[in-house]
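The values are calculated or read from the model by the stated rules, or taken from the named source; none is laboratory data. Just so it is clear, the model here is predicted, and its values are computed rather than measured. Neighbour counts run over all protein chains shown; Cβ positions are idealised from the backbone, glycine included.
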Amino acid sequence: MLELFAYPVSVVLKAWHLLLTEVFTMDASAAWIISVILLVVTVRGLLFPFAWMQKRSSHRSVLMRPEKAELERRYGSSAKPEDVIALRDATKELHERYGFRPAVGCIPPLIQIPVVLGLYRLLLWISRPELLGAHGNSSGGVGVLTGEDVASFEQARLFDVPLPAYLAMSEERLAALGTNSTDTWNVIFPLVLVAIFFTTANLIVSNYFNYRYMDWSSTPMRVVFRIMVALTVIMPFFIFWLGTHGPLPFALVLYWVTGNLWTALQTIVLNVVIRRRWPEGEEHRELRHAGRQELIDARRARRSRRAEDRSYVASAKSRGTTRASARAELKERDAREAQEKAARKAEEKELRRQRNRVQAALRARDSKAKRESRKSGES
């Protein structure tokens, strides 16, 4: 299964290597290094149109928020078929008017993740002969790379360190590649730190734009943002551990640094260009500010209420009662409010269930109408 990921990566690497060595008469070692960098250019170049569409679609979802909020206010609390139809048609028209396509955001990861997995596996197999024997082809290579290509790749060096080398590699294997742990650490470790810097910078930039344009009224968006912030803190330690203790080949670190540099520049450029081309209006900023202020007010109200509860319990004696009685009163109040909240959630759930039934019936009706239309057209 993993060979499927490694095969296309080997095709791109060999194609660039052949071009550089045969057409530009470049040294084989330098050609492999440039090929790894050009692999980044190839993958990110292919992904750029999708990245543009993803970023544009995301920004258009921001521009749609005031109108979507109005539609939800008008039709969102009704399960009547006519209101469900009106909301569906209005939402569809809104998406078409803004050119909003949420599925576009799924395409870049579907391409980028297999490439990283393929490159990692390809380099790991080249770096460890026992794995290459299990996953390689009949010529001693892997993918479209022949045994001669693998031998040439193993001899490719940057700052006198072979591309398949990694920091946790044994001294025996490093010696077989013609290097040692000291030289390997002197070259790869600083590059791992650079990879950590660029990866963290990308996450910070992404979090900044997410924070600036977040829909504060959306609980899922707030949860995702908190996860991304936590990931920004955790990721540097994970990369550091992987780079120093895991089998992370030099070539993959080089790919990682180059790819993250590309991502950082692309993120900044796309955000600036898109937001200048399709700027927000005052209504968008007011809606976002209102949602954030509502969240802040709710948090302040909860803190204020906890302080009032503590004061109520502390002053129980002055009211001629005990603290235990005061706590019991507050507990009864909280139980009543919890029941009311559960009742509201049950009503909302039932409303969603009714709306889903109406939508399912509408889809079934539309499908039946399409089938009948096709049958009448064939006849």
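Check region 164-185 and report whether any residue there is acidic (Asp, Glu), within 29 Å of residue 4 (Cα to Cα) and modelled with pLDDT under 90. Steps first, answer last, please.
Just the residues of region 164-185 that are acidic (Asp, Glu), to begin with: 171-172, 183.
If we keep only those that are within 29 Å of residue 4 (Cα to Cα) as well, we get none.
No, because not a single residue in region 164-185 is acidic (Asp, Glu), within 29 Å of residue 4 (Cα to Cα) and modelled with pLDDT under 90.
A single entry from 275, 292 fulfils the requirement of being touching a residue at least 40 places away in the same chain (Cβ under 8 Å), basic (Lys, Arg) and under 30 Å from residue 43 (Cα atoms): 275.
Just for region 62-94: of the residues that are basic (Lys, Arg) and either under 30 Å from the mean Cα position of the chain (by Cα) or assigned to a helix (DSSP H, G or I) (or both), which one is farthest from residue 271 (Cα to Cα)?
First pass over region 62-94, keeping only residues basic (Lys, Arg): 65, 68, 73-74, 80, 88, 92.
Right, trim to either under 30 Å from the mean Cα position of the chain (by Cα) or assigned to a helix (DSSP H, G or I) (or both) and you get 65, 68, 73-74, 88, 92.
On the way: 65: 18, 68: 23, 73: 30, 74: 32, 88: 30, 92: 26 Å.
Top of the filtered list is 74.
When region 276-289 is filtered for residues that are surrounded by 13 or more Cβ atoms within 10 Å (Cβ to Cβ) and over 22 Å from residue 218 (Cα atoms), only 278 remains.
Name every residue in region 164-180 that is in a helix (DSSP H, G or I) and either under 18 Å from residue 244 (Cβ atoms) or in contact with a helix residue (DSSP H, G or I) (Cβ under 6 Å, 6 or more places away or on another chain) (or both), in order of residue number. Step through it out loud before you land on a result.
First, pick out the residues of region 164-180 that are in a helix (DSSP H, G or I): 171-176.
Passing the criteria: 171, 173, 174.
Is there a residue in region 229-238 that is within 24 Å of residue 47 (Cα to Cα), among the aliphatic types (A, V, I, L, M), more than 16 Å from the chain's Cα centre (by Cα) and surrounded by fewer than 15 Cβ atoms within 10 Å (Cβ to Cβ)? No. For region 95-109, the set of residues classified as in a helix (DSSP H, G or I) and surrounded by 15 or more Cβ atoms within 10 Å (Cβ to Cβ) consists of 95, 98, 104, 105, 107, 108, listed by residue number.
From 299, 310, 303, 371, which residue is closer than 30 Å to residue 88 by Cβ and either free of Cβ contacts under 8 Å to residues at least 12 places away in the same chain or assigned to a helix (DSSP H, G or I) (or both)? Steps first, answer last, please.
Working: 299 fails: closer than 30 Å to residue 88 by Cβ; 310 fails: closer than 30 Å to residue 88 by Cβ; 303 fails: closer than 30 Å to residue 88 by Cβ.
Within the list 299, 310, 303, 371, the selection yields 371.
Report yes if some residue within region 346-357 is at pLDDT 90 or above, within 30 Å of residue 203 (Cα to Cα) and part of a helix (DSSP H, G or I); otherwise report no. Scanning region 346-357 turns up no residue that is at pLDDT 90 or above, within 30 Å of residue 203 (Cα to Cα) and part of a helix (DSSP H, G or I).
Checking 227, 268 one by one, the residue that is touching a residue at least 60 places away in the same chain (Cβ under 8 Å) and more than 27 Å from residue 168 (Cβ to Cβ) is 268 and no other.
Yes/no matrix, rows are residues, columns are (1) outside any loop (DSSP other than H, G, I, E, B); (2) crowded, with 20+ Cβ neighbours inside 10 Å; (3) small (Gly, Ala, Ser):
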position: 151; (1), (2), (3): yes, no, yes
position: 182; (1), (2), (3): yes, no, no
position: 196; (1), (2), (3): yes, yes, no
position: 199; (1), (2), (3): yes, yes, no
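In a residue-by-residue description of region 137-158, the property of being at pLDDT 85 or above and at positive phi applies to no position. Among the residues that make up region 322-337, is at least one of them outside any helix (DSSP H, G or I), surrounded by 12 or more Cβ atoms within 10 Å (Cβ to Cβ) and either of a type in the set (Ser, Thr, Tyr) or without any contact (Cβ under 8 Å) to a residue 40 or more places away in the chain (or both)? Yes, region 322-337 contains a residue that is outside any helix (DSSP H, G or I), surrounded by 12 or more Cβ atoms within 10 Å (Cβ to Cβ) and either of a type in the set (Ser, Thr, Tyr) or without any contact (Cβ under 8 Å) to a residue 40 or more places away in the chain (or both). Applying the criterion of being surrounded by fewer than 19 Cβ atoms within 10 Å (Cβ to Cβ) and among the β-branched types (Val, Ile, Thr) to the residues of region 35-61, the residue that is farthest from residue 271 (Cα to Cα) is 37. Per this entry, residue 281 is counted among residues that are within 28 Å of residue 48 (Cα to Cα) and within 37 Å of the chain's Cα centre (by Cα). Across region 205-219, a minimum of one residue is classified as of a type in the set (D, E, K, R) and over 27 Å from residue 8 (Cβ atoms).
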